[in-house]
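Down below is the structure, laid out as structure tokens.
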Amino acid sequence: MQIGIKNNVAVRFGITFLILFVLFYYANIIFFGLTTRHNNYSLFLSEHLNYIAWLRHALLTSSSTVLNWLGYSSVASDTQLMVAGHGRIEMVYTCLGLGVMSFFAAFVIAYPKKIKAKLIFLFTGLLSIQILNVFRLMLLALFWTKSKNRIIDHHIIFDVVIYILISVALYYWINNKATNTNGHHQTV
């Protein structure tokens, strides 16, 4: 009888999750640094592979489009969402949800489930996170006013809400017998 990481599903999951989370999280930060015009700027990455700019553009234009459908007059630029008569938000790196997405992706990939179940949940989960982000951006552009006296920042509110929703979704996904490896529930 061997005892070790290979035979301990929980330990293997924990180590894999931590490695993937750190890898995804810091890879995003490094890539952001390489595509921002500062010391280690890469023109090629910035112009041809800049998924951070693509995500920012998709979030801002989606938010603007939905606001326009709802009867507001809004416009999106590369980094801003403006709503006539309401407000303007500047979308910075921390607004993209890449940390939350890194956590979610690392958890789903590391968890011992069937590959098909992982891929479906990963895609729908990441898409859901960004749909919630679009709604957050819309609400911020319509109702948020900057105040130095605020105790809680909107990033904290969004992170708390999104992590609660992710926890609930992960709980149901983990306990869904139809998607468990070999049809059996695995306790991690």
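The values are calculated or read from the model by the stated rules, or taken from the named source; none is laboratory data. Note that the coordinates shown come from a computational prediction; the quantities given were computed from them, not determined experimentally. For neighbour counting, all protein chains shown are included, and Cβ atoms are generated from backbone atoms with ideal geometry for every residue, glycine included.
Residue-wise test of (1) under 15 Å from residue 130 (Cβ atoms); (2) in contact (Cβ under 8 Å) with a residue 12 or more places away in the chain.
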| site | (1), (2) |
| --- | --- |
| 48 | no, no |
| 58 | yes, yes |
| 73 | no, yes |
| 89 | no, yes |
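Against the condition loosely packed, with under 15 Cβ neighbours inside 10 Å, modelled with pLDDT of 85 or more and among the small types (Gly, Ala, Ser), how does residue 128 come out, does it pass?
When the stated conditions are applied, residue 128 does not pass them.
Taking segment 111-134 on its own, how many of its residues are in contact (Cβ under 8 Å) with a residue 60 or more places away in the chain and within 17 Å of the chain's Cα centre (by Cα)?
Selection size over segment 111-134: 3.
Residue check: is residue 154 surrounded by 14 or more Cβ atoms within 10 Å (Cβ to Cβ) and at pLDDT below 80? So that I can check it myself, show each step before the final result.
Values: surrounded by 14 or more Cβ atoms within 10 Å (Cβ to Cβ): yes; at pLDDT below 80: yes.
Judged against the criteria, residue 154 is a match.
Return the only residue of 60, 81 being of a type in the set (A, V, I, L, M, F, W, C), more than 30 Å from residue 19 (Cβ to Cβ) and assigned to a helix (DSSP H, G or I).
On the way: 81 fails: assigned to a helix (DSSP H, G or I).
Only one candidate qualifies: 60.
Going through 73, 64 one at a time, which residue ends up being of a type in the set (Gly, Ala, Ser) and either under 19 Å from the mean Cα position of the chain (by Cα) or closer than 23 Å to residue 126 by Cβ (or both)? Quick ask: steps written out before the conclusion?
Numbers: 73 fails: either under 19 Å from the mean Cα position of the chain (by Cα) or closer than 23 Å to residue 126 by Cβ (or both).
The conditions single out 64.
Which members of segment 21-36 meet the condition of being touching a Ser or Thr at 6+ places or on another chain (Cβ under 8 Å) and either part of a helix (DSSP H, G or I) or modelled with pLDDT of 95 or more (or both)?
Hits for segment 21-36 are 21, 24, 25, 28, 34.
Just checking, which of 142, 67, 165, 96 is surrounded by 13 or more Cβ atoms within 10 Å (Cβ to Cβ), at pLDDT below 95 and more than 20 Å from residue 28 (Cα to Cα)?
142
Condition first: aromatic (Phe, Trp, Tyr), within 18 Å of residue 166 (Cα to Cα) and at pLDDT 90 or above. Can you find one or more residues in segment 99-106 that meet it?
Yes, that holds for at least one residue.
Residues in segment 130-139: is at least one part of a strand (DSSP E or B) and of a type in the set (S, T, N, Q)?
Restricting attention to segment 130-139, the residues satisfying the condition of being part of a strand (DSSP E or B) are none.
Within segment 130-139 (the criterion being part of a strand (DSSP E or B) and of a type in the set (S, T, N, Q)), the answer is no, since none of the residues qualifies.
Test residue 72 against the stated conditions and say whether it is surrounded by 12 or more Cβ atoms within 10 Å (Cβ to Cβ) and hydroxyl-bearing (Ser, Thr, Tyr). Explain how you work it out, then say what you get.
Details: surrounded by 12 or more Cβ atoms within 10 Å (Cβ to Cβ): yes; hydroxyl-bearing (Ser, Thr, Tyr): yes.
Yes.
Being surrounded by 10 or more Cβ atoms within 10 Å (Cβ to Cβ), assigned to a loop (DSSP other than H, G, I, E, B) and not aliphatic (A, V, I, L, M) is the filter; apply it to segment 38-52 and report the residue that is modelled with the highest pLDDT.
The qualifying residue modelled with the highest pLDDT is 50.
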